[in-house]
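Chemist: Next up is a structure, given as structure tokens.
The values are calculated or read from the model by the stated rules, or taken from the named source; none is laboratory data. Just so it is clear, the model here is predicted, and its values are computed rather than measured. We place every Cβ from the backbone using ideal geometry, glycine too, and count neighbours over all the protein chains shown. These area figures cover heavy atoms from the full protein model, side chains too; ligands, DNA and RNA do not enter into them. Shrake-Rupley method; radii C 1.70, N 1.55, O 1.52, S 1.80 Å.
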Amino acid sequence: MAASNLAVKQALKNNPAPSSVDPQEVHKWLQDFTWDFKEKAGKYPTKYDMDVNTREQFKLTAKEYARMESAKEERQFGTLLDGLDRLDAGNKVHPRWGEFMKLVANFLETGEYGALAGSALLWDTAQSPEQRNGYLAQVIDEVRHVNQCASVSYYYSKHYYDPAGFTNMRQLRAINPLYPGVKRAFGEGFLAGDAVESSINLQLVAEACFTNPLIVALTEWAAANGDEITPTVFLSIETDELRHMANGYQTIVSIMNNPDTMKYLQTDLDNAFWTQHKFLTPFVGAALEYGSRFKVEPWAKSWNRWVYEDWAGIWLGRLQQFGLKSPKCLADAKKDAVWAHHDLALLAFALWPLTGIRLELPDRQDMEWFEANYPGWYEHYGKIYEEWRALGFEDPRSGFSGAVWMLQRGHGIFIDHTSSLPFCPTLGKGALKPSFLEKNGKRFAFSEPHGERMWLQEPERYEFQNFFEQFEGWELSDLVKAAGGVRSDGKTLMAQPHLRSTDMWTLDDLKRINFTVPDPMRILNWQPAH
Amino acid sequence: MSSNSFVRGMVDPYRQTIIQAAIPEQPLESKRDHIPFAKRGWRRLTEYEAVMLHAQNSVDSVPGSQEVGESVQKWPGGRPNYSIESTAVIAGNWFYFRDPAKRWFMPYVKQKTEEGQTAERTMKSWAESGDAGMMNADWRNQILGTHYGALVYNEYGLFSAHSTTVYSALSDLLKTWISEAGFDKNDAGQMIQMERILLGKLFADFDPSLAAAKQAWMQDPIWQPAREFVQHIWMGVYDWVEQLWAIHGIYDHIFGQFVRREFFQRLAGLHGDTLTPFIQSQALTYHQQASDALQAFCVKMLIDEEPVYGAHNRRYLRAWTKRYLPGTQAALKAFLAIYKTLPLQVEGITCKASVEAAVRRIVNDWARRFAEPIDYRFDAEAFIADVMQGY
Ligand SMILES: [Fe+2]
Ligand SMILES: [Fe+2]
């Protein structure tokens with residue numbers, strides 16, 4: 001017997017004169033709420049064919065939804081504002097972690113915001129009232145999640161010993177070379193395109209595949225490093241995700257009625273996986289391992305279990321009946337899961353003044369952990385960090401910059417045009433196979449063939465100025481100042497290459513680097529060696 | 001959970017020693033103002049603003065945005081999301097909007113939860129304490145059985161029309177308000193059906209199914225102009241501000257308010273129905289909140305406090321008013337035929353003069369809230385006279 005009937009029976013039993021209506025009884029009528037008319041379609045129609053009869057499995061009415069969610073909100077804010085306040089939680093967090101949270105909370109906020117718009121797109125395109133109702137609930141959930149990610153920043157800005165960056169990351173991120181990568185994967189990958197393609201990016205990949213490694217791993221690493229704020233909020237976010245994953249599954253179920261459109265599905269899945277992986281894998285890995293004093297499970301291992309075994313194996317296995325196979329790029333992603341976050345961390349250190357946060361180079365203790373878990377790490381990255389430290393990486397009087405060091409040695413930093421993330425062709429150990437292509441007199445860099453193929457097929461979807469083109473010619477300290485990256489004393493930077501309260505870098509120290517943003521595609525005229 | 005067990009750094013004395021050693025003695029920054037770069041809607045930054053304002057990863061072509069540059073991935077064909085071409089009105093700062101009710105997620109669901117709990121208790125006591133028995137059977141079976149059900153479609157259609165307005169809205173606080181307004185419309189439709197299900201449980205002769213309601217919505221002349229309006233606003237209009245103005249500023253403020261308040265809420269009592277007015281009072285609250293926010297958006301932000309484009313925007317809002325008023329007028333005119341089908345006719349309530357007074361109340365309120373602020377001149381008496389021909 002269906003759960004809804006059981007609920008009705010139970011209600012009738014409790015109330016011999018039936019005087020209440022279970023939300024499930026209302027939901028039962030939802031499919032009858034719509035009607036047909038000539039113009040009816042999605043304003044943003046999909047190339048797939050979404051079945052008007054698709055059901056939705058959580059069956060929440062608006063009021064029931066509100067009841068569930070406000071209970072969660074009360075618990076969460078009760079913990080935050082009552083429990084954690086009393087424990088002085090903001091001042092129990094290791095600074096390495098606290099600093100990375102400035103980026104993590106903000107970047108995920110962007111993801112939630114993209115999810116909000118993407119779910120609204122699906123609400124338009126889907127024709128089944130139950131499905132629309134489910135996507136609508138997700139729209140409202142994502143409003144919640146934006147508010148929650150923001151609450152982490154807001155809480156930190158009130159209670160943590162260095163609010164700079166928490167207060168203004170929504171502005172400061174404009175000069176962060178990593179941020180366009182977030183925009184591409186989340187800010188646009190979730191919503192700028194066919195609704196089903198958006199659903200695959202958002203629900204089938206980002207949520208079904210990456211939520212677990214992201215939220216579960218992130219909250220463990222947070223707690224290990226003294227942060228109970230993030231777990232309080234993020235574990236509460238996680239409770240909504242099951243519905244979102246189910247929405248993604250139902251999207252696929254709803255398009256199965258038309259075998260003609262199935263030919264698109266594998267390509268959309270492959271592209272979506274690569275798009276999301278390309279940002280999430282390195283970023284989360286770098287945040288966990290470089291933003292922590294106390295380590296938990298190596299990212300490559302968590303990734304392998306959640307992404308490779310659970311998602312690619314079990315979750316996608318459920319979709320095999322529809323002819324879906326695991327993405328061809330999975331093997332390259334697996335290689336990235338070992339090295340890409342180390343590559344990204346190197347660039348973050350090299351470009352630290354633009355990140356807006358205080359970073360600390362790995363010390364001896366970290367290096368041992370990295371080498372033990374990523375054999376070969378020390379020879380490649382460890383030695384670079386040791387050399388940087390010796391050259392004055394942390395010293396405000398040194399005029400040293402990792403980026404300048406790299407450029408002077410021919411290690412160009414480029415923007416991968418599809419993912420919009422920076423990469424270094426000569427120092428990266430991830431799945432790199434750089435190429436440089438020309439179109440309409442302009443040159444584009446690609447770090448690997450999957451993104452390159454996406455661009456080749458639809459170049460008009462990636463017409464934009466990248467980070468270097470935008471800021472070419474800007475002197476570094478001017479750029480940081482313009483983006484609001486200076487503390488209230490008017491000179492000390494928000495970003496720092498160490499965690500101490502002494503020897504903090506100022507605008508003048510930054511000027512000493514004498515760095516003007518170049519466009520490497522023009523000055524280096526770099527060609528692949530092979 | 002991961003295979004590793006881990007130590008909680010906050011409560012582990014060893015780890016806290018290390019952590020405290022790494023924490024500076026004094027805070028590194030004394031300024032804790034959140035989003036200091038953002039314009040405040042009230043004297044101090046509100047929680048409502050802190051948790052949403054400027055969350056949108058925008059593009060610098062959207063005025064008021066904090067971003068530099070543009071969106072990275074476009075739609076096939078090259079169109080970007082968040083493009084100002086999505087509407088004809090222009091704002092010097094799209095991030096200027098504030099919902100007067102300051103509803104971010106938490107207060108929003110809290111309000112709805114309270115309403116849900118009140119509804120549950122009210123329905124229970126209404127069903128058990130004998131109130132239900134007072135209801136006129138013809139009112140129940142004809143009006144609630146058919147026309148109240150047809151109202152579900154009206155609310156559902158308007159709910160559906162919000163999807164692309166959420167998608168296209170150009171800033172975060174706008175998206176928040178519009179998703180909440182859409183969610184409220186969905187809720188309003190569901191609550192009508194909830195009431196009808198309860199009636200089905202209490203009265204053997206009441207059919208809670210939507211078959212007759214849908215037929216009325218599709219075929220009964222009473223609903224046809226309304227249905228056409230809803231269909232058009234749902235599928236035929238691409239400008240999202242135009243949609244919002246047409247829905248909350250015109251159609252729902254005239255036709256919707258009349259149907260909910262002047263018809264169902266007022267006449268239910270007359271027929272011994274004390275439940276419908278309660279359920280509709282929630283929908284009236286939702287409309288009130290939507291129209292307050294719409295005023296804050298279209299009148300305050302786009303005209304009164306818009307330094308450059310106010311006149312331009314006023315022209316568009318007037319043109320849209322002119323475009324959507326006739327359809328709304330037709331919907332209301334057709335709806336008035338419903339009075340002929342009422343089981344009870346009571347002088348002073350259902351008579352022509354009273355209905356005309358009801359129409360006048362609605363029209364005057366509309367004019368005050370939405371026509372006058374944009375200097376839209378319209379002939380209220382002609383409007384009322386025409387509508388009354390439907391009576
Ligand atoms: Fe989310
Ligand atoms: Fe989600």
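Chemist: Would you please state the base-10 log of I(q)/I(0) at q = 0.16, 0.20, 0.25 1/Å for region B:1-92, with intensities from the Debye formula using one equal scatterer on every alpha carbon?
Modeler: Values, matching the q order: -0.88, -1.03, -1.27.
Chemist: Rounded, prolate or oblate: which fits the protein assembly as shown, taking a ≥ b ≥ c as square roots of the Cα gyration tensor eigenvalues, rounded meaning a/c under 1.5, else prolate when a/b beats b/c? Working shown, then result.
Modeler: Working: a/c = 1.98, a/b = 1.85, b/c = 1.07.
Prolate.
Chemist: Continuing with the same structure: Heavy atoms of the protein only, probe of 1.4 Å, neighbouring chains included. What is the accessible area of B:Met106 in Å², nearest 10?
Modeler: 50
Chemist: If you don't mind, another one. Got a sec to turn the phi values of region B:73-83 into Karplus ³J(HN,Hα) couplings, 6.51 cos²θ - 1.76 cosθ + 1.60 with θ = phi - 60°, whole Hz, x for Gly and Pro?
Modeler: Each residue's phi maps through the Karplus curve to give 9, 9, 5, x, x, x, 6, x, 7, 6, 9 Hz.
Chemist: Under 10 Å, Cα contacts only: if you run a Gaussian network model on chain B, which one of B:Leu332, B:Leu28, B:Leu317 comes out with the highest mean-square fluctuation?
Modeler: Looking only at B:Leu332, B:Leu28, B:Leu317, the largest GNM fluctuation is found for B:Leu28.
Chemist: A follow-up question, please. Can you pull the semi-axes for chain A, root of five times each eigenvalue of the Cα gyration tensor, sorted largest first, whole Å?
Modeler: On the way: eigenvalues 353, 160, 80 Å².
After scaling each eigenvalue by five and taking roots: 42, 28, 20 Å.
Chemist: Taking amide H positions as placed in the peptide plane 1.01 Å from N, state which residues far from A:Val93 in sequence (5 or more) or on other chains have amide H under 5 Å from it.
Modeler: Hits under the 5 Å cutoff: none.
Chemist: Still on this model: In Å and whole numbers, how far do the C-alpha atoms of region A:280-403 stretch along each principal axis, longest first?
Modeler: 63, 28, 22
Chemist: Moving on. At 1.567 mPa s and 4 °C, plugging the Kirkwood radius over alpha-carbon pairs of region A:45-347 into Stokes-Einstein gives what diffusion coefficient in µm²/s?
Modeler: Numbers: Rh = 19.6 Å.
Estimated via Stokes-Einstein, D reaches 66 µm²/s.
Chemist: How far is helix A:62-78 tilted off the main Cα axis of chain A, in degrees rounded to 10, range 0 to 90?
Modeler: Helix A:62-78 and the main axis of chain A meet at about 40 degrees.
Chemist: Over the alpha carbons of chain B, what is the largest minus smallest coordinate on each principal axis, giving the biggest first in Å?
Modeler: 81, 53, 43
Chemist: Can you give me the long-range amide H partners of A:Val486? Hydrogens built in the peptide plane at 1.01 Å from N, cutoff under 5 Å, separation of 5 or more residues or another chain.
Modeler: A:Met494
Chemist: Cα-based Rg of region A:157-221 per 2.2 N^0.38 Å, rounded to two decimals? Walk me through the numbers before you get to the answer.
Modeler: On the way: Rg = 15.1 Å, N = 65, 2.2 N^0.38 = 10.7 Å.
Normalised Cα radius of gyration, region A:157-221: 1.40.
Chemist: Please turn the phi angles of region A:360-366 into ³J(HN,Hα) values with the Karplus equation 6.51 cos²θ - 1.76 cosθ + 1.60 (θ = phi - 60°), one per residue in order, whole Hz, x for glycine and proline.
Modeler: Computed from phi, the couplings for region A:360-366 are 9, 4, x, 9, 3, 4, 5 Hz.
Chemist: Given the options B:Ile247, B:Ser125, B:Ile192, identify the residue whose Cα lies farthest towards the positive end of the charge dipole of region B:119-390 (+1 on Cβ of Lys, Arg; -1 on Cβ of Asp, Glu).
Modeler: Of the candidates, B:Ile247 comes out farthest on the positive side.
Chemist: What is the diffusion coefficient of region A:96-245 in µm²/s, taking the Kirkwood radius over Cα pairs and the Stokes-Einstein relation at 4 °C with a viscosity of 1.567 mPa s?
Modeler: Values: Rh = 15.7 Å.
This corresponds to a translational diffusion coefficient of 83 µm²/s.
Chemist: Mean Kyte-Doolittle of at least -1.0 plus a Cα span of 15 Å or more along the axis: flag which DSSP H helices in chain B meet both, please. Walk me through the intermediate numbers first.
Modeler: Details: long enough: B:105-128 (34 Å, -1.25); B:149-168 (31 Å, 0.19); B:172-202 (45 Å, -0.16); B:275-294 (29 Å, -0.12); B:310-335 (36 Å, -0.77); B:352-366 (21 Å, -0.17).
Result, helices passing both filters: B:149-168, B:172-202, B:275-294, B:310-335, B:352-366.
Chemist: May I ask you to rank A:Trp315, B:Trp366 by accessible area, largest first, using a 1.4 Å probe over the protein chains only? Working shown, then result.
Modeler: Numbers: A:Trp315 40, B:Trp366 0 Å².
Highest to lowest solvent-accessible surface, that is A:Trp315, B:Trp366.
Chemist: If you take each beta carbon of peptide B:112-119 and count the beta carbons of other chains within 10 angstrom, what is the mean? If you can, show how the numbers build up before the last one.
Modeler: Details: counts 9, 11, 3, 3, 9, 3, 0, 2.
Averaged over the peptide's residues, the number is 5.
Chemist: Also, quick follow-up: When you take every Cα atom in region B:231-357, what is the radius of gyration, and what is Dmax, the widest Cα pair distance, in Å?
Modeler: 17.2, 55
Chemist: Okay, moving on. Run the dipole for the protein assembly as shown about the Cα centre, Lys and Arg Cβ at +1, Asp and Glu Cβ at -1, nothing else charged, and hand back the magnitude in debye, nearest 20.
Modeler: With only Lys, Arg, Asp and Glu charged at Cβ, the dipole is about 540 debye.
Chemist: Just check region A:21-111 against the gyration tensor rule for me: Cα atoms, a ≥ b ≥ c as the square roots of the eigenvalues, rounded for a/c under 1.5, and otherwise prolate or oblate depending on whether a/b exceeds b/c.
Modeler: On the way: a/c = 4.79, a/b = 1.88, b/c = 2.55.
It comes out oblate by the Cα gyration axes.
Chemist: On average, how many beta carbons from a partner chain sit within 10 Å of the beta carbon of a residue in B:207-218?
Modeler: On the way: counts 0, 4, 2, 5, 1, 0, 1, 4, 0, 0, 1, 3.
Other-chain Cβ atoms within 10 Å of each residue's Cβ, averaged: 2.
Chemist: For chain B, what is the mean residue ellipticity at 222 nm derived from helices alone (per DSSP H run of n ≥ 4: -39500 (n - 2.57); sum divided by total residues; nearest 500 deg cm²/dmol)?
Modeler: Values: 13 runs with 186 residues, N = 391.
Per the formula, -15500 deg cm²/dmol.
Chemist: Going by alpha carbons, how many degrees (0 to 90, nearest 10) lie between the helix axis of A:129-159 and the longest principal axis of chain A?
Modeler: 40
Chemist: Calculate, in nm to one decimal, what A:Thr261 and A:Leu437 gain on full extension: separation in residues at 0.36 nm each, minus their alpha carbon distance.
Modeler: On the way: separation 176, 0.36 × 176 = 63.36 nm, distance 3.15 nm.
Between A:Thr261 and A:Leu437, full extension yields 60.2 nm more.
Chemist: Starting from the Cα of A:Lys491, draw a straight line to each of the aspartates and glutamates and keep only those under 15 Å, dropping any in the same chain fewer than 8 residues away.
Modeler: The qualifying aspartates and glutamates are A:Asp478, A:Asp503, A:Asp508, A:Asp509, B:Glu29.
Chemist: How high is the relative contact order of region B:1-115, given as a whole-number percent (alpha carbon pairs under 8 Å, six or more residues apart)?
Modeler: Details: 68 pairs, mean separation 21.5, N = 115.
Normalised by residue count, the contact order of region B:1-115 is 19 percent.
Chemist: Quick one: which residues, 5+ away or cross-chain, put their amide H under 5 Å from the amide H of A:Thr506? H built at 1.01 Å from N.
Modeler: A:Leu493
Chemist: Based on Cβ point charges of +1 for Lys and Arg and -1 for Asp and Glu, what charge dipole magnitude is obtained for chain A about its Cα centre, in debye rounded to the nearest 20? Provide the component values of the computation, followed by the final result.
Modeler: Values: 56 positive and 69 negative charges, 27 e Å.
In total the dipole reaches around 120 debye.
Chemist: Can you give me the Cα centroid spacing of region B:204-280 and region B:29-53 in angstrom?
Modeler: Result: 40 Å between the Cα centres.
Chemist: Could you state the angle between the C-alpha long axis of helix A:229-254 and the longest principal axis of the C-alpha atoms of chain A, as a value from 0 to 90 degrees rounded to the nearest 10?
Modeler: For helix A:229-254, the angle is close to 60 degrees.
Chemist: Hey, what number do you get for chain A at 222 nm if only DSSP H runs of n ≥ 4 count, each worth -39500 (n - 2.57), divided across all residues, to the nearest 500?
Modeler: Details: 21 runs with 254 residues, N = 530.
My calculation for chain A gives -15000 deg cm²/dmol from helical runs alone.
Chemist: Next up: For peptide A:33-42, how many partner chain Cβ atoms fall within 10 Å of a residue's Cβ, on average?
Modeler: Numbers: counts 13, 5, 10, 1, 9, 2, 5, 4, 1, 3.
Mean shielding by partner chains, rounded to a whole number: 5.
Chemist: A follow-up question, please. Pairs of Cα atoms under 8 Å, at least six residues apart: use those to get the relative contact order of chain B, whole percent.
Modeler: Numbers: 445 pairs, mean separation 70.3, N = 391.
Relative contact order here is 18 percent.
Chemist: Working with all protein chains in place, sort A:Trp306, B:Trp104 by solvent-accessible area computed with a 1.4 Å probe, largest first.
Modeler: Working: A:Trp306 35, B:Trp104 15 Å².
Ranked list, largest accessible area first: A:Trp306, B:Trp104.
Chemist: How large is the accessible surface of A:Lys301 in square angstrom, using a 1.4 angstrom probe and rounding to the nearest 10?
Modeler: It works out to around 120 Å².
Chemist: For region A:180-272, which trypsin sites (Lys or Arg not before Pro) are both in a DSSP coil and crowded by at most 14 other Cβ atoms within 10 Å? Each step should come with its number before you reach the end.
Modeler: Values: sites: A:Lys183, A:Arg184, A:Arg243, A:Lys263; in loops: none.
Counting only loop positions with at most 14 other Cβ atoms within 10 Å, none of the trypsin sites (Lys or Arg not before Pro) in region A:180-272 qualifies.
Chemist: If you don't mind, another one. Through the Karplus equation 6.51 cos²θ - 1.76 cosθ + 1.60, θ set to phi - 60°, convert the phi angles of region A:416-426 into ³J(HN,Hα) values in whole Hz; use x for Gly and Pro.
Modeler: 3J(HN,Hα) across region A:416-426, in whole Hz: 5, 5, 7, 8, 6, 9, x, 8, 10, x, 9.
Chemist: Give the peptides A:221-228, B:292-299 in descending order of average Cβ contacts within 10 Å, highest first. Write out the running numbers ahead of the final one.
Modeler: Numbers: A:221-228: 27.6, B:292-299: 22.1.
Top to bottom by mean Cβ count within 10 Å: A:221-228, B:292-299.
Chemist: Which entries in the list A:Lys301/A:Lys325; A:Lys59/B:Lys124; A:Lys92/A:Lys511; A:Lys183/A:Lys383; A:Lys263/B:Lys185 go over 30 Å, if you measure between the two C-alpha atoms of each?
Modeler: On the way: A:Lys301/A:Lys325 23 Å; A:Lys59/B:Lys124 22 Å; A:Lys92/A:Lys511 34 Å; A:Lys183/A:Lys383 33 Å; A:Lys263/B:Lys185 37 Å.
Correct reply: A:Lys92/A:Lys511; A:Lys183/A:Lys383; A:Lys263/B:Lys185.
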